[in-house]
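To keep things clear, I will list the structure first and then write my remarks on it.
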Amino acid sequence: MNHKRVAPLYGLIAGSLWGLSFLSIKVTVAVLPPMTLAAARSLVASAALPLIAWCAGARLRVAARDLPILVLGGLLNITFYFCLTNHGLALLSASECALIIGLVPVATVLAERVFLGIRPGARAYAGALLSFLGVALIVARRLSLSGPALGYALMAGAAMVFVAYIFATRAVSGRCGLLQTTFWQTLFGMLGCLPLALLEVRAWRAPSAAVTLNVIFLGLFCSAVASWLYVSTISLLGGARASVFVNLMPVVAVAAAYFILGERLGGLQLAGGVVAVGGVYLATVPGRKVQAPFPSAAPSLGDPGE
């Protein structure tokens, strides 16, 4: 098999799984408390990733000097990101959350300009402006309501946390490899979720079969399998071309939420979504070597979406 030919399929599946994760979280967080869901999902992913690594012929051993950064990455990408995203999804629609998290690549480009002095070019600036204009259209109508306002703040915080994660773990990802980094960060992030999940013990209920299947779907497919597919896409196509598939996440989430959950964006919000996704594409696709997020959502981001 020519693996390079199927690499776009790997990226397509990964981006689609991350988009669908917003729907799964939206349904499940109505039954499981947010951090209990985060811990359960991460536990499933932590158990699955060693098997995936074995199948891929990858070793999970890392140097002791990299452990502190991996712990930080796990807390940012799993614990904090999932905390903000899961709580945000309890207040907003899956479509709105996915569109906001979909801005992470643009935010990364701008952060590179501010903190690293990398000049992104006119197209990236134009794309960033369009993206934030699109988000303004999405949130304008409901920003005056207290619930949605808090939800938007939580999702914006999740996007910023994911950008911080990308910068904090940039060096260690190159040394350890993306699959090894994903496993250790998932494991440490899961350990970070456990104390917060225990604070929700009074809200615990016996999960139904549907809830259990959603947790398995999130942990096994959206976190573990999607991460492996995206790592494969990066190795075959390069980071810049692989980042294109991250832009599918909000598109898939909005379309799936329409048909599966019956979510309806208003005309202004729908226009804002089109503008935002177009801006992300403009800012990140033409030759930008952005370290695209892969949410344990996506995110990576958490994913953003967790």
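Descriptive notes on the structure:
- Condition check for Leu51: touching a helix residue (DSSP H, G or I) at 6+ places or on another chain (Cβ under 7 Å) and either surrounded by fewer than 17 Cβ atoms within 10 Å (Cβ to Cβ) or not charged (D, E, K, R) (or both): no
- Filter result for Thr79 (modelled with pLDDT of 90 or more and among the hydroxyl-bearing types (Ser, Thr, Tyr)): yes
- Qualifying residue in segment 82-98 (condition: aromatic (Phe, Trp, Tyr), at pLDDT 95 or above and either within 17 Å of the chain's Cα centre (by Cα) or surrounded by fewer than 23 Cβ atoms within 10 Å (Cβ to Cβ) (or both)): yes
- For segment 105-125, the criterion of being in a helix (DSSP H, G or I), under 13 Å from the mean Cα position of the chain (by Cα) and of a type in the set (A, V, I, L, M, F, W, C) is satisfied by no residue at all.
- Qualifying residue in segment 240-258 (condition: of a type in the set (Phe, Trp, Tyr), at pLDDT below 80 and not in a loop (DSSP other than H, G, I, E, B)): yes
- Residue within segment 1-22 that is assigned to a loop (DSSP other than H, G, I, E, B), more than 21 Å from Val225 (Cβ to Cβ) and of a type in the set (S, T, N, Q) present: yes
- Members of segment 24-40 that are farther than 13 Å from Ser208 by Cα and in a helix (DSSP H, G or I): Ser24, Ile25, Lys26, Pro34, Met35, Thr36, Leu37, Ala38, Ala39, Ala40
- Of all residues in segment 175-216 being farther than 28 Å from Val71 by Cβ and among the basic types (Lys, Arg), the one that is farthest from the chain's Cα centre (by Cα): Arg202
- So Gly279, is it touching a Leu at 6+ places or on another chain (Cβ under 6 Å), modelled with pLDDT under 90 and crowded, with 21+ Cβ neighbours inside 10 Å: yes
- Glu200 meets all of the listed conditions (1) touching a Ser or Thr at 6+ places or on another chain (Cβ under 7 Å); (2) farther than 21 Å from Leu218 by Cβ; (3) of a type in the set (Asp, Glu) but one, namely (2).
- Phe115 being at pLDDT 95 or above and of a type outside the set (A, V, I, L, M): no
The values are calculated or read from the model by the stated rules, or taken from the named source; none is laboratory data. This one's a predicted model, so the numbers in the text were calculated from it and none came from an experiment. We place every Cβ from the backbone using ideal geometry, glycine too, and count neighbours over all the protein chains shown.
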